[in-house]
């Protein structure tokens with residue numbers, strides 16, 4: 001991977017940023033050690049993780065939410081200060 005970008009600039013370019021796909025050598029040469037997770041994942045592993053997160057989010061949106069009960073003040077249970 002050849003780039004003129006270094007450090008954060010290399011991470012701000014979405015066409016270049018591989019997230020957890022950078023190897024240790026790439027992280028060192030780009031000056032991004034400590035700016036990205038310490039793990040290196042294949043694109044397949046990244047895709048699998050994102051798909052699972054998407055499925056979880058979709059399931060949460062589709063599941064019925066419990067109805068919230070309205071909290072009403074009880075004037076007989078208030079303390080005078």
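With respect to (1) modelled with pLDDT of 90 or more; (2) surrounded by 10 or more Cβ atoms within 10 Å (Cβ to Cβ); (3) part of a loop (DSSP other than H, G, I, E, B); (4) more than 17 Å from the chain's Cα centre (by Cα), the lone exception for residue 10 is condition (3). For the range 14-34, the set of residues classified as surrounded by 11 or more Cβ atoms within 10 Å (Cβ to Cβ), part of a loop (DSSP other than H, G, I, E, B) and at pLDDT below 95 consists of 16, 17, 18, listed by residue number.
Residues are listed down the side, and each one gets a yes or a no for (1) at pLDDT below 90; (2) in a loop (DSSP other than H, G, I, E, B); (3) exposed (fewer than 10 other Cβ atoms within 10 Å of the Cβ):
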site	(1), (2), (3)
6	no, yes, no
48	no, no, no
69	yes, yes, yes
76	yes, no, yes
79	yes, yes, yes
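The values are calculated or read from the model by the stated rules, or taken from the named source; none is laboratory data. Just so we're clear, the structure is a prediction, and the values are computed from it rather than from any experiment. Note: ideal-geometry Cβ built from the backbone for every residue, glycine included; neighbour counts use all protein chains shown.
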